[in-house]
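Read the structure below first, then the notes.
All of the numbers you see were taken from the coordinates with simple rules; none came from a lab. What you see is a predicted model; the values in this text were computed from it and never measured. Positions of Cβ are generated from backbone atoms using ideal geometry, with glycine treated the same way; all protein chains shown enter the neighbour counts.
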Amino acid sequence: MGDLIPIVAIIAPFSIPIIAIWLNHQRRIAEIQSRNMETMNIATRTELDTLKRDFENLRDVVTQHSMSLDNTMRRLDDTMLRMEERLNRLEKAVNRVNTPNRLG
């Protein structure tokens, strides 16, 4: 045990600055990581906001197209109904012309 005292007396003065340098280095690394996380958080938030805006725009476009398609389908349905009514009237008229008059 007595042999360790001179070794510790020689190493201790050099180990204190080494430990201080190492702790300072660890502190700097922590600061850099903290700044990087803040930067990443800001970049992530910006990207997320952009994605939200894009999604809202896409939803608006899909809604507009859906409404347009619905209106087109209604117009086509109305057109088909009118064409069917016209066809029925024409068929009745043709049947009247082709049917012999029973009174005569």
Problem set entry | Gained length - MET80 relative to MET67, 0.36 nm times residue gap less alpha-carbon distance | 2.7 nm
Exercise. Residues with beta-carbon under 14 Å from that of PHE55, excluding PHE55: net charge, scoring Lys, Arg +1 and Asp, Glu -1?
Worked result: -2
Seminar exercise, completed: Taking every other residue with Cβ under 13 Å from the Cβ of MET80 and scoring Lys and Arg +1, Asp and Glu -1, one gets 0
Problem set entry | Positive-end residue, the chain charge dipole about Cα centroid, Cβ charges, pick of LEU76, LEU23, ASN57 | LEU76
Exercise. Over all distinct Cα pairs, what is the inverse of the mean 1/r for the chain, reported as the Kirkwood hydrodynamic radius in Å?
Worked result: 23.4 Å
Exercise. Okay, helix-only estimate at 222 nm for the chain: each DSSP H run of n ≥ 4 adds -39500 (n - 2.57), divide by all residues, round to 500 deg cm²/dmol; what do you get?
Worked result: -35000 deg cm²/dmol
